[in-house]
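In what follows, a single structure is set out as structure tokens and then discussed.
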There are 2 protein chains.
Amino acid sequence: MKSARIISVGDEVLSGRIINTNSSYLANELTKIGFSISKHIAIGDSYLSIEDEIDNFLISKDKIVLVTGGLGPTHDDFTKEAVSKKLNLKLELRQEALDLLDNYFDGNQAKSDYKQAYFPVGSILIPNRLGTAEGLIIEHEGKTIVLLVGPPHENQPMMEKYVIPYLKKTIMTNILKKEYLVMGKSESHCEDLLSPLYKKLINVAVNPYGSIGRIKFEIKGLNKYIDEFNQVCFEFEKIMDKFIISDNYDTIEDRVISLLKEKGYLISFAESCTGGMLASMLISISGASNVLSESFITYSESAKEKFLKVNKETIDKYGVVSFEVCEEMVKGLKSLTKADVCVSVSGLAGPTGETDSLKIGDICYSIFVDNLLITEKKNFKGTRDLIRTKASFWILYRIFGLLTYGK
Amino acid sequence: MKSARIISVGDEVLSGRIINTNSSYLANELTKIGFSISKHIAIGDSYLSIEDEIDNFLISKDKIVLVTGGLGPTHDDFTKEAVSKKLNLKLELRQEALDLLDNYFDGNQAKSDYKQAYFPVGSILIPNRLGTAEGLIIEHEGKTIVLLVGPPHENQPMMEKYVIPYLKKTIMTNILKKEYLVMGKSESHCEDLLSPLYKKLINVAVNPYGSIGRIKFEIKGLNKYIDEFNQVCFEFEKIMDKFIISDNYDTIEDRVISLLKEKGYLISFAESCTGGMLASMLISISGASNVLSESFITYSESAKEKFLKVNKETIDKYGVVSFEVCEEMVKGLKSLTKADVCVSVSGLAGPTGETDSLKIGDICYSIFVDNLLITEKKNFKGTRDLIRTKASFWILYRIFGLLTYGK
């Protein structure tokens, strides 16, 4: 696999004023066509830093470097100049670039724009349809140097239309990749379960990427190891079994919506501490209107009584975060909406309100589906919003389980 | 000014699967307390790459390196191990870390979790309250090495609570800083308004940091330029005036909650396309229970009719995204909840459903407060979720305006 590095040039990235989305975009594009990425680097608008990094690239094992930024008309744009100097290439005026400038400005270009029409001898010009600075490709002693402009909305079309097709011609790697979404187990518990499989890996990699309440596992190997790859996928599926939510890039929200659609079910929520987050997660998916008609945020005790007909006595006796209140909430919701799947949530997201019997992060929920009513309690750690988010994902995971396995 | 570099460890960043927000966050935090940043680097989960980068740091002029990622329990987490090896430090079991693990898991930790309780001799432990892997600080021959976990929601509190105070003690810079939250104007329109002020800046910097629907302006200068600093703040406030939401780090959610509390008001929403997002944003703030009792997600037409008593004829005649429907929604909500502030939203978040008269991103909303009913329509650009988020922030901004200025 040929390896590549990515360099972002610009003070605004370095100081943290803007998030460097270029590196991830470019890495993603390169990975898709079979490159491995060795490194991302971000440096400031400094002639010396650019020269240094070109030196580092030339002595590295990487075959390709993608550099973004510093191609514009201003006094602090000099990526092209620094790179050309380092590679001992003269800059020449290109008619093609002059024409593009003329076209962009309808002849009204400023003096400083002309700088952008000079290119190192032998380089390939990459037209930029959305801005004034063009990019370029330099082939140098078996290595490829690609210079692109900084703004993502300009460099992405340049990448898609010119750079990717160019690079595809120069390489022919085939990568096998499969991605699994796993929920319901912590990353470390997955690690324990998977450790016998990990010990057997030779040419195939299994990498976990954890995020709040979810873990993505990526299984990857070269085409020539397809048997080993398939065997690893097979064993992974056997081990993780019901904890696998999807193997086709679907999110948990996608999966829940699909399951509801398949069954022709409507879902409705009565949310207290999650406060609309659960409904909002589903509504973030286009097509949610097929499965969700209405949903309620009953945050106060009086709202639970008024809209869901929860008994005041139940709240007084068991507390608002209790099995009993959750069950009354879900039953009230069912008679209000007649939805096929009814879900209630009540919990303490903190940071205040803790008592001897109720801890911060204690979340109680009921799910009513197919004449089955389950009520469970679980504790989540973290800040107020983390607790709410973890609880929401967990409840979606439970809904998924009930719709898929009936438990 | 002391210089620092930032290293992100993790295949998921390197391959572009996730955007590296850690580097910009950390760069920003370090810049705030007076460091200059020399470089960001992202490398994969590779022992050798980590060792190489520690070498590069040790021979560089930088005084501080912040490394994120690779501290977890899995087989591909070995930042701590590689750094310790490079610095010739043995790993020892720390009781403090064992206790934190015990506490986090209530005794149910997996075998692979124990790895996280080993620390290099002499290092300072940075507790992680939101996850299982702790961070650490190593002082080594006049240089500081800080290792943090990868997930932003975990490493940001570690940074704020431990690393920043630690670094502040070691550098003694006195920086004056003020931060303004601005809404209701785009970044480029602010730029135009502020350009006369920008031209006058000598020793004080004014930096905008845009995020969805909001802009943070940071005004910064050294202590010795306090008169200029105060003058710039004064002029900034004069120019941005009513577009300033807060000058004390309060978010728009904080501000709306505070205003409602001050007035003793309850708020309630009837959300269609935002689907619970608005209520959830307010409920993310502790103390929301004082101002929000209940809220409704009336996503389907039938839900609008059933719960909010919107007339079917109104929907048929004007369409569901219309002034007329929004007004009927908000009036229905008012009679249902009697809340002091009632807000309805109906819009087309896309990606499908566009017609000649209704564009994707068209959002209609009504706000009913103090006997004033306003209904407005606005178009937001972007993906489905971006449209929903922008609309939610915009509506919070309008609620803020109505509560503060009565318009």
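Some notes on this structure:
- Taken over the alpha carbons of the protein assembly as shown as equal point scatterers, the Debye sum produces base-10 log I(q)/I(0) values at 0.10 Å⁻¹ of -1.26.
- Over region A:175-246, relative contact order from alpha-carbon pairs under 8 Å, at least 6 apart, %: 46
- Projecting the Cα positions of A:360, A:98, B:280 onto the charge dipole of the protein assembly as shown (unit charges on Cβ atoms of Lys, Arg, Asp and Glu, taken about the Cα centre) puts A:360 furthest along the positive direction.
- Restricting attention to chain A, close to 65% of DSSP beta bridges with both partner residues there are antiparallel.
- Size of charge dipole - the protein assembly as shown - debye, nearest 20, with Cβ of Lys, Arg +1 and Asp, Glu -1, no other charges: 220
- Shape call, region B:119-189: gyration tensor on alpha carbons, a/c limit 1.5: oblate
- Net charge of neighbours whose Cβ lies under 10 Å from the Cβ of residue B:10, counting Lys and Arg as +1 and Asp and Glu as -1: -4
- Computed from phi, the 3J(HN,Hα) profile of region B:131-141 under the Karplus parametrisation 6.51, -1.76, 1.60 (θ = phi - 60°) reads x, 9, 9, 8, x, 7, 10, 10, 9, 9, 6 Hz, with x in place of Gly and Pro.
- Exposure proxy for B:405, A:198, A:180: other Cβ atoms within 10 Å of each Cβ, ordered fewest to most, give B:405, A:198, A:180.
- Axis of helix B:95-105 versus longest Cα principal axis of chain B: the two differ by about 30°, to the nearest ten degrees.
- Charged side chains reduced to their Cβ positions (Lys and Arg at +1, Asp and Glu at -1) give region A:142-208 a dipole of some 380 debye around its Cα centre.
- In the protein assembly as shown, the calculated helix contribution to ellipticity at 222 nm averages -12000 deg cm²/dmol per residue, counting -39,500 (n - 2.57) for every DSSP H run with n ≥ 4.
- Compactness of chain A as Cα Rg over 2.2 N^0.38 Å, two decimals: 1.30
- Distance from region A:7-81 to region A:367-406 (C-alpha centre basis), Å: 43
- Cα gyration tensor shape of region A:3-170, rounded if a/c is under 1.5, else prolate or oblate by comparing a/b with b/c: rounded
- Note on region A:175-246: Cα convex hull, mean projected area over all directions, 4.3 nm².
- Seen against the Cα atoms of chain B and their longest principal axis, helix B:323-337 is set at about 80 degrees.
- Largest mean-square fluctuation among B:347, B:142, B:184, in a Gaussian network model of chain B whose springs join Cα atoms under 10 Å apart, belongs to B:142.
- Using a 7 Å Cα-to-Cβ projection, residue B:289 label spacings across copies, nm, ascending: 3.7
- Relative contact order for region B:263-307, counting Cα pairs under 8 Å that sit 6 or more residues apart, in percent: 49
- Taking the C-alpha atoms only, the angle from helix A:252-263 to the longest principal axis of chain A is near 60 degrees.
- Take every Cα pair under 8 Å whose residues are at least 6 apart in sequence, average their separation, divide by the length of chain A, and the relative contact order is 10 percent.
- Inter-copy label distances at residue B:313, shortest first and taken from points set 7 Å along Cα to Cβ: 4.6 nm.
- Cα centroid separation - region B:288-308 against region B:132-177, whole Å: 44
- Within region A:65-182: Cβ-based charge dipole about Cα centre, in debye rounded to nearest 20 (Lys, Arg +1; Asp, Glu -1): 500
- Listed residues A:106, A:11, A:55, most fluctuating in chain A (Gaussian network, C-alpha, under 10 Å): A:106
- Geometric extent, Cα atoms of region B:248-407 - Rg, Dmax (angstrom): 14.8, 48
- Ellipsoid semi-axes in whole angstrom, largest first, where each is sqrt(5λ) of the Cα gyration tensor of region A:52-151: 25, 13, 12
Values in this text are rule-based calculations from the coordinates and carry no lab data. Here the structure is a predicted model, which means the values were calculated and not measured. No Cβ is skipped: glycine too gets one built from the backbone with ideal geometry, and neighbour counts run over all protein chains shown.
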